[in-house]
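Shown next, in structure tokens, is the structure this report addresses.
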Amino acid sequence: MKEIRIGILGFGTVGAGVVEGIQKNGQLMADRTGITPVVARIADLDITTDRGITIGKDVLTTDAMSVITDTSIDLIVELVGGTSIARTFTLEALKQGKPVITANKALLADHGEEIYKVAQENNTGIYYEASVGGGIPILRSQRAGLIGNQIESIYGILNGTCNYMLTRMEREGLPFDEILVDAQALGYAETPPDLDIDGIDTAHKAVVLASMAYGAPVPMDACPTKGIRGLAAAEIENADELGYRIKLLAIIKDDNGEVELSVEPALVPKEHMIASVSDSFNAVFVKGDIVDDTMYYGRGAGRLPTGSAVIGDIMEAAADKLHGVGTPVSVTMMLQKDSLNYCDAGSIEKRCYVRLCLEDKSGAMAQVMAIFGKHNISIASVVQKELHENGCAPVVILTQKAKESEFVGAMEEIAALDVSCSDPIRMRLEDFE
Ligand code: HSE
């Protein structure tokens, strides 16, 4: 039986989950792999708070560097969070030839290129399963089970906080701010939660997924990002009446060698499986050219689910190190090329949901329809409600596919009409066809 001595940096929610998981199932892991995981050192600035875990006093330290440089430590688990000190710790550990396991999607999204290169130069690994989809082994599925596929598309619900909020807004009609407080209390939300509700956390995960799918570092500015902040109950009600739910989607597609990438709230048909992904659960749909459609579902956040993903990486890193496989596939897959080509955002074709508020005057609708026609946007359905708000009539339109640049032009013209009471609200409609 071999032993792997683990140094953990950061003893917060996930760190405690990792230790709890190893304490519970460490023997099982040893029986399965022949490698015993030993939590040898844990560094955190706070070593007095009770995490509900029994741990030897000599294991805890406030000095993270002493853990990284401890020659008896085989691998480092970075759970500090943020992109500053976490980057320093990660690079230092890699330079010492130690594999690093991290759950830090922001770190990878902002400094991935540098980190992958340093890992490669030092012939060691950076393992980051926990950075995307919490407990769902989506990256391992991509780089192992799907390695023989060209990835055609990936659709992800990747933020537990937003999915939880959208689910409760739909079910209970509660206001956004009230539900956010609950999501934070349940430990789903980032600090600050703006990262969740503005879609940035989802974008961090989307760029990691896209990097792995297409073999090059993907910068955050390649991912146009819109979150759910300010989403009105009216949009959720209208979508519901029309047979759709609203989900915050990461969309990654290969369009003849150009990558389409975005994070945005979108209407999805209720009968599609993605619409059934509720509460804090995450799901990722991957379509490969050989395998066709696949789906991965699970808890996207939380102490033990994320801990499970970290533990999976610990055992893989331990096996790589002890069996000497060289630079792990998680790194080499990332670095097949320096950069990717991206679709021109204006040329992307999509369907949209549009909500207008029009003065209840003859000819108002005709003017709107003329603008849609001028921009080559075909209407799939129109609902004008009798309800009048401040003398205005809400009009809900679903379109057929048209170019993003045409939608932008049409929305500008509609907003400028005298009969428009407020700026149009527009959202993507994704029917997965
Ligand atoms: N804030 C994140 C979420 C946690 O809500 O999904 C996991 O990345």
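The values are calculated or read from the model by the stated rules, or taken from the named source; none is laboratory data. Please read these numbers as outputs of a predicted model, since none were measured by experiment. When we count neighbours, we look across all protein chains shown, and the Cβ atoms used for this are built from the backbone with ideal geometry, even at glycine. Keep in mind that these areas ignore ligands, DNA and RNA; they rest on the heavy atoms of the full protein, side chains included. Shrake-Rupley method; radii C 1.70, N 1.55, O 1.52, S 1.80 Å.
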Q. Of the residues in the stretch 280-311, how many are closer than 21 Å to Gly17 by Cα and open to solvent by 30 Å² or more (accessible area, probe 1.4 Å)?
A. 7
Q: Could you check how many residues of the stretch 12-25 are under 22 Å from Ser72 (Cα atoms) and open to solvent by less than 10 Å² (accessible area, probe 1.4 Å)?
A: 4
**Q.** Matching entry among Gly156, Gly199 (being open to solvent by less than 10 Å² (accessible area, probe 1.4 Å), on the phi > 0 side of the Ramachandran plot and within 15 Å of the chain's Cα centre (by Cα))
**A.** Gly199
Q: Could you list, in sequence order, all residues of the stretch 280-329 that are of a type in the set (Asp, Glu) and over 29 Å from Pro37 (Cα atoms)?
A: Asp289, Asp292, Asp293
Q. Looking at Leu356, Leu340, which one is modelled with pLDDT of 95 or more and either polar (S, T, N, Q) or over 30 Å from Glu258 (Cα atoms) (or both)?
A. Leu356
**Q.** Every residue from the stretch 116-139 that is in a helix (DSSP H, G or I), more than 23 Å from Gly302 (Cβ to Cβ) and out of contact with any helix residue (DSSP H, G or I) (no Cβ under 6 Å at 6 or more places or on another chain)
**A.** Lys117, Glu121
Q: Determine whether the stretch 145-153 contains at least one residue that is part of a loop (DSSP other than H, G, I, E, B), closer than 17 Å to Ala309 by Cα and either within 16 Å of the ligand (Cβ to nearest atom) or in the same structural domain as Pro219 (by TED's automatic domain parsing) (or both).
A: no
